[in-house]
Structures are given as structure tokens and as C-alpha cells.
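Worksheet for the structure shown next.
All of the numbers you see were taken from the coordinates with simple rules; none came from a lab. Just so you know, these numbers come straight off a predicted model, no measurement behind them. Cβ sites come from the backbone with ideal geometry, for glycine too, and all protein chains shown count toward neighbours.
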Amino acid sequence: MSPFRLLPLALCMLVPCSSSIRAERLVMTAADIGENWVYPPGSLHLDEAGSLRPVWIGKDIDPLSEATVRGAGAARPMAVRAFDGDLATSWSPPPGTAPKDWGLEIDLGQVFPVQQIRLRFADSAPPLPFFNLSLSKGERFINSANVVVEGTLLYSRSERFAFNEVHDVTIDLDDELVQVLRIEATREMTGAPALAEIQIKAFGDNIAFDLIANGGTVDVEAAVVAVAGVPSVMFDGDLSTMWRVNPLAKGSSGDSETFGDYRIDLGATYWIDSVWLLGEPLGIPPRKRHHYANFLSYKMQYSDGSLAPDGSLAWQALASIPPNPRYLFDVRNFRHDVPLIAARYLRLIYPTSQGGNIIGGGLSSSDIANTGRLDGLGLVSEFQVYGEGYPARVVLRSPVIDLGTNWNITALEWELDAPLGARFTLRSRTGDHVVEQMRYFDKNGKEVTKRRYEKLIASFRGPIETTLQPGDGWSVWSE
């Protein structure tokens, strides 16, 4: 075998294999791979034992593991005991605490469809007899100057409890959208009620949450509308932020139909069975929300990464809604439950015009496509993706590994613990020369040209990566 100095690797699944060299043997640990290799971090994690493992995507989850205390009237240092997963600990303000100070507010960190909330009071003390449980989607107060007042919060639902005598209170919900919950006493009480645990049952793990940080990207294209803002806000877990396009005021789109096109790369292939489009414009003053529309219709497609004969992604139908003017304003949230599929890419296509007229371009509202002048179309506050199971396919890629001198490579070995039915593939190539390559990314994680990057305003620019890439004379990838 010819001697080579440089070696890149690409693999699917896991390789517990650090960059130390022992007797002409290069050994890489899972920690080295986790730190230096390129892979979508939302799909893999390094466990306490030092192994690189896939992330489980669950249903019927308790989202409190990532929650924080937003406020507590009394005994704040102990407030986390109310959701630490341990019934033996509790949050208990001292006896005589005024009702206004007997309150706890918890932020889940993102909005979840919630199905049930349980309040479990310690048996060693009387339960809280009079209290309110309030739920918020994360909406803030907007003042008369149309400015969001930071630190404020509006609650969309409240349950009042009076003469409560039980230690286990269960509230069933129908996928209520919740980001913040608050429990507060409403009357004086005897003793010191202790809240041992708050338990929440939510729909599932949102695969698309924090998309860019987890290795995904989003790309937006739309005709006869202006694209402005940062579409990654569709994945920030916050309903008060939103993405939309701005219809042009000229009214006419010409002779052809035009469309908006949102393309999402989840970063890895996941098993998915539910997609939610949440389109409540909570960041807009209520009196102006009728200027912000969702969709007249749309179709959603998916791809597992397979290619069509022309080399483009092979798309398959996932879900759709037919043309209906109610979907512009009256129906704000859309949910599609589908048979379990393996998908890495999602695509949302919707009309931005109809009959030669721009939807929201300022024409008469007598036509289905014309709602009067709109400030937003194709509005999505949160694009949520749910499923169950480990990722169906994950690709990791090493940087160019400099062996220091020429080697005769005779074997590549790895240690792997894989379940029955899982497949592991390792491919390699070798060479002697490398070139330095600079890659430019926008804020949404999309790779752009250097020229395009330099034209972006600073807040829209992402990172610049400098990597070593194979030069001339490299072998092809092994099979």
C-alpha cells in the first residue's frame, strides 16, 4: 500500500475510538470525536461514561428537566425543589407567609403542547387550600407605543382552586401551549403547605427546537414578496417572535402563479410523525394582528436525503391544506399527524399570489386572494417537529488528520456497541496535500459565498470556518 500522511474519515452512527499515537497506531476516543469532528450536536451526545451516543426523541415527556425559576415570592433558593424530580424534597415558604409572597413561576425554556399538570403537595403538611394556577404562552405586554415591555408576561389561562383538601391535584389539558406556569396562593393559610413536585406531561421532544445550534439550517425563498428578518426565529421556542414575508404593494404578480418556499434541514435523519405550524402573532399589538396572515393554502414535503435523477433532493408529499381564506387569519395553528417516516429535510410551499394578484398586495378584499394590504404573509411563530426513537441516520465527518509523517496504512479498526438492525459504515480517503478553505455562513446556518457574506449586515452574519481540504492526488472515498 502506498504511504500517505493525511487521512479524513466519514462515518454513520457511532465510533468510540483521542488523538494519541502508540507504536504506529493512531487512537481516537469518543471525546476527541465529540470535540473535533463535524456532526449535528442535536442528534448525538457524550455520556458520563465517555461514549458517544444517539439522542432519544421521546413522546409524553416531562419538560421540567430544562426549566428555570422565573420568580418566587418567598424561599426562592429552594424553589427548584418543586421540580427536581424528587418527592422527598419540597418548596415550602415559612408559616405565616402572606398570600402575595406564596407564589412560584417556572419557565419551561420553550413553548410546549401540554396535556397534563400535576401538583403534588407533601403529605407531612396540609395542602394549599386556595390558589390559582396560571399558564402563559410566553406573550409579553405591548404598550401604547407598540413596544414590547420586557419582563412582563400575559397569562392566557387560569384555573382557580378553593377549599382544596387533596395532596395530589391533576389538571388535564388538550395540548395547551405553555411556556410559563405560575402557582400562587389567594388566601391566608394555616401551617406551611409544601409543594413537593410539579409534574408536566407534554406532547414530546421538539426535534426542530434550536435548529441552527443543533446542526440544522433553514433557507427561505419567496416571489413577489420581500424577505426580511431572520427565519431561524421559527425554531427558538418563543411564540412572541415570528417569521413572515412582506407582500409587495404593487398588487399584480404578472401572469404566473408565485410561491413562498421554506426549506429546512434537520441536520440528521429522524423518525417523525407530527409537524406543527404555530402562527399566533403574539409579538404584534392585538389591534394590528389582522395585518398579519398565515396561509391561503400550502403543501408540505419531506425527503430522507435520497436524490432524484437530476441530482436534486427527491421530495415526497407529507401534508397539505386546500385553499381557504379562513387559514389566513381565523386558523392560526396547524397540526399534521402522519405515519412514522424517516426525514431529514422538510419543505413548506405556499402561494404568494392568486389569479395574478399578490396576496395582501393591497387590492380589494372581495377576492379570496386579496385581503387588503398586509404587513405579513406565511407567518410562522414556531415550526415544531415531533417523532419517537433514536435518529434514523447520523453522519460524522473528521477533519483532515495529519499523521505527522508518511504511513503505510494497513487497517482501520473501531469499537462499537450497536443494537440489532443498526448499521455502521466507515469510509476513508488518503492523500499528501491539503488546501486551506474558508466557508461562510449566515445567521441561519446556511453556507453562502464570500461576496454574499460581505454584503450581509453584521447581525445577519454567521461564523467563518477555516478548514483544511484534500488537495490534488487524493484517493476516492472507500466503499
Quick calc: nm separation of the 7 Å Cα→Cβ label points for Met78 and Asn143 -> 3.8
Expected sort for Leu348, Leu46 with the fewest Cβ neighbours (10 Å cutoff) up front is Leu46, Leu348
Cα-based Rg/(2.2 N^0.38 Å) for region 217-387, rounded to two decimals, is 1.02
Cα-Cα pairs in the chain separated by more than 29 Å, as a whole percent of all pairs, come to 60
Between Gln115 and Met438, the FRET efficiency computed from the C-beta separation at R0 = 45 Å comes out, to the nearest 0.05, as 0.40
Per residue, the convex hull enclosing the Cα atoms of region 390-434 spans a volume in Å³ of 114
Computed over region 61-204, the distribution of all Cα-Cα distances in 10 Å bins, rounded to whole %, is 12, 43, 34, 9, 1, 0
Cα-based Rg/(2.2 N^0.38 Å) for region 341-458, rounded to two decimals, is 1.84
Per 10 angstrom bin, beginning at 0 and ending with the bin that holds the maximum distance, the Cα pairs of region 22-133 fall in percents of 10, 30, 24, 17, 12, 5, 2, 0
For Phe130 and Leu416, extending 7 Å from Cα along the Cα-Cβ vector and measuring point to point gives, in nm, a value of 6.5
Plugging the Cβ-Cβ distance of Leu468 and Trp56 into 1/(1 + (r/R0)^6) at R0 = 41 Å yields, to the nearest 0.05, a FRET efficiency of 0.75
Output row, site Asp261, 7 Å Cα→C-beta label point, backbone N cut-off 19 Å, window region 301-335, residues 301-321
Taking 0.36 nm per residue of separation between Arg326 and Asp402 and subtracting their Cα-Cα distance, the length gained on full extension comes to 21.3 nm
Rounded to the nearest 0.05, FRET efficiency between Ser156 and Lys455 (Cβ-Cβ, R0 45 Å) equals 0.65
Scoring region 292-441 by relative contact order with C-alpha pairs under 8 Å, at least six apart, yields a percentage of 22
